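In what follows, a single structure is set out as structure tokens and then discussed.
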Amino acid sequence: MITIITRDLGVITAFVRGVKSIKSKRGSATSLLSFSNFSLELKGDTYTVNEASINKVFFGAGSDIITLTVAQYFCELCNVFRPYENESEEFLRLVLNSLHFLTENKRSPELIKAITELRVAVIAGYAPNIVACDACGKFEDTVMYFKLDDGTLYCKDCYKENCVSITLTVLQAMRHIVYSKFEQLYSFEIPETAAKELSKLSERYITYQTEHKFTTLEFLRGII
Ligand SMILES: [Zn+2]
């Protein structure tokens, strides 16, 4: 049985027969981190893969343990958020692009991870409100504070409990990720130290919002 994030049907599970055969074309098209075309049959509420042809396998994900773990974390995000049918295409597009940038080593894994986490939150209806301080409307301060439980932003005069401090660089990156058009989503760079700070913050936000213990994330934190 495999899990597929589809363009139109959300996340589904489907049975595949004959994958153990080395000659089976369905074998590679249904392996982990493959982008494939599927012909599915629905009986009752069970899908079966009749045909599958491969478009792309993200081989680069296996090149090192951090890249592979982040790629598997993206799969876990799909499984936990399980996008509705109307969100599915945008979700799939995000995951495919993130896997591309991740496996081609075009950006740091921490940055791609943060982009994916925050944008997944936006698609799934958990978008943070980070335009300005939620209390007084101040747009920027030397340090701003992000409230993890409801995703609001505060300046240092309006600081609330359960907030984490964020630098202006991280705030600008967050605003870009949350509010930019998809075409511009990956078109920015920040220093690696800021990318790590951003990644920790987006991870805490996702974990707080879902109340889910991501096993791939725990593994990742054990190796970096
Ligand atoms: Zn304020």
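Can you pick out the pairs among K138/K181; K106/K160; K160/K196; K106/K200 whose Cα atoms lie more than 32 Å from each other?
K106/K160
V80 to L168: FRET efficiency via 1/(1 + (r/R0)^6), r the Cβ-Cβ distance, R0 25 Å, to the nearest 0.05?
0.20
Specify, per residue and in Å³, the volume enclosed by the convex hull of the alpha carbon atoms belonging to the chain.
Details: hull volume 29.4 nm³, N = 224.
In the chain, the Cα convex hull volume per residue is 131 Å³.
What's the extension gain from S180 to K56 if we count 0.36 nm per residue and subtract their Cα-Cα distance?
Full extension of this stretch gives 41.9 nm more.
Give me the distance between the Cα centres of the range 41-120 and the range 165-195, rounded to whole Å.
21
Among all helices in the chain defined by DSSP H, which have a length of 20 Å or more along the axis from Cα atoms plus a Kyte-Doolittle mean of at least -0.5?
65-81, 88-103, 109-123
So what is the calculated 222 nm ellipticity per residue for the chain, using -39500 (n - 2.57) for each DSSP H run with n of 4 or more, over all residues, to the nearest 500 deg cm²/dmol?
Numbers: 7 runs with 93 residues, N = 224.
About -13000 deg cm²/dmol.
Return the long-range amide H neighbours of T152 (sequence gap of 5 or more, or a different chain), with a cut-off of under 5 Å between placed amide H atoms.
Counting only residues 5 or more places away or on other chains, the set is N129, K147.
Can you give me the convex hull volume of the Cα atoms of the range 61-135, divided per residue and expressed in Å³? Can you show the working numbers first?
Working: hull volume 7.7 nm³, N = 75.
With only Cα atoms used, the range 61-135 gives 103 Å³ per residue.
Which whole-Hz ³J(HN,Hα) couplings does the range 28-41 yield from phi under the Karplus relation 6.51 cos²θ - 1.76 cosθ + 1.60, θ = phi - 60°, glycine and proline marked x?
Values per residue, Gly and Pro as x: 6, 5, 10, 7, 4, 6, 9, 10, 9, 9, 10, 9, 10, 10 Hz.
Which residues' amide hydrogens lie under 5 Å from the amide hydrogen of L40, considering only partners 5 or more residues apart or on another chain, with H built in the peptide plane?
Here the answer is N50, since their amide H atoms fall under 5 Å of that of L40.
For the range 1-139, what is the charge dipole size about the Cα centre, in debye to the nearest 20, if Lys and Arg each add +1 at the Cβ and Asp and Glu each add -1 at the Cβ? Could you put the intermediate results ahead of the total?
Working: 15 positive and 14 negative charges, 102 e Å.
It works out to roughly 500 debye.
Apply the Karplus curve 6.51 cos²θ - 1.76 cosθ + 1.60, θ = phi - 60°, to the phi angles in the range 47-56 and return the couplings in whole Hz, x for Gly and Pro.
8, 10, 7, 8, 9, 8, 10, 8, 9, 7
Only the coordinates and a few stated rules stand behind these numbers; no lab work does. Predicted model, so just to flag it, every value in this text is computed and none were measured. Neighbour counts run over all protein chains shown; Cβ positions are idealised from the backbone, glycine included.
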